[in-house]
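K.L.:
I am attaching a structure below and will ask some questions about it afterwards.
The values are calculated or read from the model by the stated rules, or taken from the named source; none is laboratory data. In this text, all values refer to a predicted model and were calculated from it rather than measured experimentally. Here the Cβ is made from the backbone with ideal geometry for all residues, glycine too, and neighbour counts use every protein chain on show. Note: accessible area is taken over every heavy atom of the protein model, side chains too, but ligands, DNA and RNA are not part of it. Shrake-Rupley method; radii C 1.70, N 1.55, O 1.52, S 1.80 Å.
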Amino acid sequence: MRHRTVQNLLYDYLNDELSAPEAAQVRDHLARCNKCFGEQQIIKESIRLLQPKQVKPSESLSETYWHNFAVEILHQVQSGAKKENALKLWWESNRYWFLSRKSYSLSIAGGLALVILAVFLWPLTRSVDPEVGNSIRLVSESPDEQVNQELSDYFHKSKILLVGISNIRSEDVGNIDLSVERDAARNLVRQARTFDHKEVDARSRMLIKAMEKILIELANMEERDGLSDVELIRTGIREENMLFKIRMAETAAGARQENSDKNNN
Amino acid sequence: MAESLERQLVCQVKEGSQEAFRELVQMKMKQAYDLAYSFVNDHDDAEDITQESFVKAYQSMANFREDAEFGTWLYRIVTNTALDRLKQKKRKKNRTLSLDDSEVKTMAISHVNQDEMDLSIHIERALHELPTLQRAVVILRHYDGLSTRDVSKILQCSEGTVKTHLHRGLKKMRSTLNFLVEA
């Protein structure tokens, strides 16, 4: 049996869900293959850690709640059916009017289309990026000087790490050592945890939480990780626009520090 | 026995019986809610997703093949609705699990000691950090105990894909949990 095949069967094997011949094949393979045996230990530990919840979420809700829940669904189904019927009825009684006045119908349809287009296009005409606006507002907030310096340092290091990950070429993934990035990510997660009990503005706190997710992914990378895992992290960075947000946060923290230095002088 | 009752009710719903639909809802609503909750870890969202799924199921009943299992079909609707909701939420705000939310929900679900609650929070966090498909497979296969075959029907992928995602998802969770617990 191939390694990948055995590994995919490990969960079923540990739960006694394989047929006898299949289980025997897996057992024989595990006796000879250290790597797959190691994988088995990992899955075993996962199953042990991830015991299903003793109490299901639905059990914490009362029977009255469930009775009303069913009633609400029926009500939604019935009102949906009524709307559909009303629409059908309206169309049946008015379709002759529309079909016999094609030019009027086309004008009305054209007018409606323009209105719908305007509604969709209007948000694109907004010139101020809300992210920039929010970041600029940050400058007026002033956390403690020491915390400010630590935030600035954290955002600066995070930026360097994200730029590094974003600049890895796809063809190099799998051939380069990612241990430096992994260790940096772990240190940043620890650094982020120190902010839990400090006075940090709400925007920075949200950004730290968002970074934590990416940093944990990075921290869990194997030393030479596969393309799909690095790409997943890079996709996350792009989708969340993390580099832009981190740069803005670093700038804002720096600006606060400057203001604070000026006031002290 | 339960399956034949289910088939009977489905036939009656197709003929227009809302009373039969009400019975189907009562049979399946708690399971559907638990599944939705596994994805979103929030009561209000789970409630919305479950209601929306039943309404969709009713509206699509004409397309439901009577030889298929209603429960599996409903689970597919709930899964897809939950995943859509998660995508919407991701677009609106950062993709993180609020520690406060999960703490409150975990306390509401069961009375546990501090160590168990901490682990529970870490597990929820690790689960929500999985890629969407891996998370769906871990929830459906491991937490809900559905067979590989049923999961493949719900997610409309091959059984091999289900097994691969389950293996990777469990591995990743264990790695994340070890790191979170150490940190």
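K.L.:
In the range A:11-60, what count of residues is obtained for those that are within 8 Å of another protein chain (Cβ to nearest Cβ), more than 16 Å from B:Tyr143 (Cβ to Cβ) and hydrophobic (A, V, I, L, M, F, W, C)?
P.N.:
Final tally of qualifying residues: 1.
K.L.:
Here's something else I'd like to know. Would a scan of the range B:143-156 turn up a residue that is at pLDDT 85 or above, in a helix (DSSP H, G or I), closer than 21 Å to B:Ile123 by Cα and within 15 Å of the chain's Cα centre (by Cα)?
P.N.:
Within the range B:143-156 (the criterion being at pLDDT 85 or above, in a helix (DSSP H, G or I), closer than 21 Å to B:Ile123 by Cα and within 15 Å of the chain's Cα centre (by Cα)), the answer is yes, since at least one residue qualifies.
K.L.:
What number of residues within the range B:145-162 satisfy the criterion of being at the interface with chain A (Cβ under 10 Å from one of its Cβ atoms), surrounded by 18 or more Cβ atoms within 10 Å (Cβ to Cβ) and closer than 23 Å to B:Leu86 by Cα?
P.N.:
Residues flagged as at the interface with chain A (Cβ under 10 Å from one of its Cβ atoms), surrounded by 18 or more Cβ atoms within 10 Å (Cβ to Cβ) and closer than 23 Å to B:Leu86 by Cα within the range B:145-162 amount to 1.
K.L.:
Those residues that are more than 9 Å from chain A (Cβ to nearest Cβ) and β-branched (Val, Ile, Thr), I need them from the range B:163-183; list them, please.
P.N.:
Scanning the range B:163-183 gives a single hit, B:Val181.
K.L.:
I'd like to know if the range B:117-134 contains one or more residues that are among the basic types (Lys, Arg) and at pLDDT 85 or above. Before you say what the answer is, go through the steps one by one.
P.N.:
Step one: list which residues in the range B:117-134 are among the basic types (Lys, Arg), which gives B:125.
Then keep just the ones that are at pLDDT 85 or above; that gives none.
Within the range B:117-134, not a single residue is among the basic types (Lys, Arg) and at pLDDT 85 or above.
K.L.:
Only one of A:Val6, A:Val77, A:Val119 is surrounded by 14 or more Cβ atoms within 10 Å (Cβ to Cβ), farther than 24 Å from B:Leu146 by Cβ and either at pLDDT 90 or above or β-branched (Val, Ile, Thr) (or both); which? Break it down into steps so the answer makes sense when it comes.
P.N.:
Numbers: A:Val6 fails: farther than 24 Å from B:Leu146 by Cβ; A:Val119 fails: surrounded by 14 or more Cβ atoms within 10 Å (Cβ to Cβ).
Only one candidate passes the filter, namely A:Val77.
K.L.:
A further question on this structure: Can you tell me which residue is modelled with the lowest pLDDT among those in the range A:213-235 that are of a type outside the set (Asp, Glu) and either part of a loop (DSSP other than H, G, I, E, B) or surrounded by fewer than 17 Cβ atoms within 10 Å (Cβ to Cβ) (or both)?
P.N.:
So the first thing to find is which residues in the range A:213-235 are of a type outside the set (Asp, Glu), and the list is A:213-216, A:218-221, A:224, A:226-228, A:230, A:232-235.
Add one more test, that the residue is either part of a loop (DSSP other than H, G, I, E, B) or surrounded by fewer than 17 Cβ atoms within 10 Å (Cβ to Cβ) (or both), and what stays is A:220-221, A:224, A:226-228, A:232, A:235.
Working: A:Asn220: 78, A:Met221: 73, A:Arg224: 48, A:Gly226: 53, A:Leu227: 54, A:Ser228: 58, A:Leu232: 73, A:Thr235: 76.
That would be A:Arg224.
K.L.:
With a cut-off of at least 3 residues that are within 12 Å of the chain's Cα centre (by Cα), name the helices (runs of 4 or more DSSP H) lying wholly within the range B:1-77.
P.N.:
Working: elements: B:2-14, B:18-40, B:43-59.
Here the list reads B:18-40, B:43-59.
K.L.:
Being under 20 Å from the mean Cα position of the chain (by Cα) and modelled with pLDDT under 70 is the requirement here; does B:Thr96 meet it? Please lay out each step first, then the result.
P.N.:
Numbers: under 20 Å from the mean Cα position of the chain (by Cα): yes; modelled with pLDDT under 70: yes.
Answer is yes for this residue.
K.L.:
Of all residues in the range B:39-64, which are more than 30 Å from B:Glu15 (Cβ to Cβ), open to solvent by 20 Å² or more (accessible area, probe 1.4 Å) and either in contact with a strand residue (DSSP E or B) (Cβ under 9 Å, 6 or more places away or on another chain) or within 8 Å of chain A (Cβ to nearest Cβ) (or both)?
P.N.:
B:His43
K.L.:
Right, here's the next one. Go through (1) under 25 Å from B:Cys157 (Cα atoms); (2) of a type in the set (A, V, I, L, M); (3) open to solvent by less than 10 Å² (accessible area, probe 1.4 Å) for B:Ala68 and report which single condition fails.
P.N.:
(3)
K.L.:
Separate question: Looking at the structure I just gave you, is A:Gln51 in a loop (DSSP other than H, G, I, E, B) and either touching a Leu at 6+ places or on another chain (Cβ under 8 Å) or under 30 Å from B:Asp42 (Cβ atoms) (or both)?
P.N.:
Details: in a loop (DSSP other than H, G, I, E, B): yes; either touching a Leu at 6+ places or on another chain (Cβ under 8 Å) or under 30 Å from B:Asp42 (Cβ atoms) (or both): yes.
Spelling it out, A:Gln51 is indeed in a loop (DSSP other than H, G, I, E, B) and either touching a Leu at 6+ places or on another chain (Cβ under 8 Å) or under 30 Å from B:Asp42 (Cβ atoms) (or both).
K.L.:
To continue, here is another question. Which of the residues belonging to the range B:78-94 are among the charged types (D, E, K, R), assigned to a helix (DSSP H, G or I) and more than 15 Å from B:Glu47 (Cα to Cα)? Show your work before the answer.
P.N.:
First, pick out the residues of the range B:78-94 that are among the charged types (D, E, K, R): B:84-85, B:87, B:89-93.
Now drop any that are not assigned to a helix (DSSP H, G or I), which leaves B:84-85, B:87, B:89-92.
Hits for the range B:78-94 are B:Lys87, B:Lys89, B:Lys90, B:Arg91, B:Lys92.
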